[in-house]
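J.: Handing you this structure, nothing more for now.
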Amino acid sequence: MADLSAVSAGDGIAFLVSYGIVAEIIAKACSSPQTAEINADKRASTLMKWVWIGTAEAVAAVAVAAYIDRKHRAAIIWGGVLAIAVTLGEYMYAKNSGLRNGGPGTES
């Protein structure tokens, strides 16, 4: 079991802020995974390009925050890492599922 005695409430807040900002930054660059899945036949060629651009922007934002707030650096980084992993997984799944399953899209 991990020793959580040194973890403060500030670490939890920093973790959540880091996680949330990664999700927001990537969402700003992309549509939602649901929309990406529905329109994969038309968006697959550019979808992951924009996910990676959003990821690069998120990494930069998390790195700056971690540099500025040394006290909460670990929480900021781990929140960012988890959000990147989850978000990349969601978009990769959406793209693959949409290409496999087809169906009517919402774009003409």
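Only the coordinates and a few stated rules stand behind these numbers; no lab work does. Since the structure is predicted, the reported quantities are computational estimates derived from the model, not experimental observations. All Cβ positions, even for glycine, are placed from backbone atoms using ideal geometry, and neighbour counts span all protein chains on display.
J.: Defining a contact as two alpha carbons under 8 Å apart and six or more residues distant in sequence, what relative contact order in percent does segment 18-101 show?
T.: 49
J.: Normalized C-alpha radius of gyration of the chain, against 2.2 N^0.38 Å?
T.: Compactness ratio reported: 1.27.
J.: Might you report the magnitude of the Cβ-based charge dipole of segment 13-59 about its Cα centre, with Lys and Arg at +1 and Asp and Glu at -1, to the nearest 20 debye?
T.: 120
J.: Within the chain, which DSSP H helices have Cα atoms that stretch 20 Å or more along the helix axis and a mean Kyte-Doolittle hydropathy of at least 1.0?
T.: Within the chain the helices that satisfy the rule are 9-29.
J.: For segment 35-97, report the translational diffusion coefficient in µm²/s to the nearest whole number, using Stokes-Einstein at 37 °C, 0.692 mPa s, and a Kirkwood Rh over Cα pairs.
T.: My calculation gives 258 µm²/s for D.
J.: Please give the peptides 27-34, 90-97 ranked by average Cβ packing (other Cβ atoms within 10 Å per residue), highest first, as a rough proxy for protection.
T.: 90-97, 27-34
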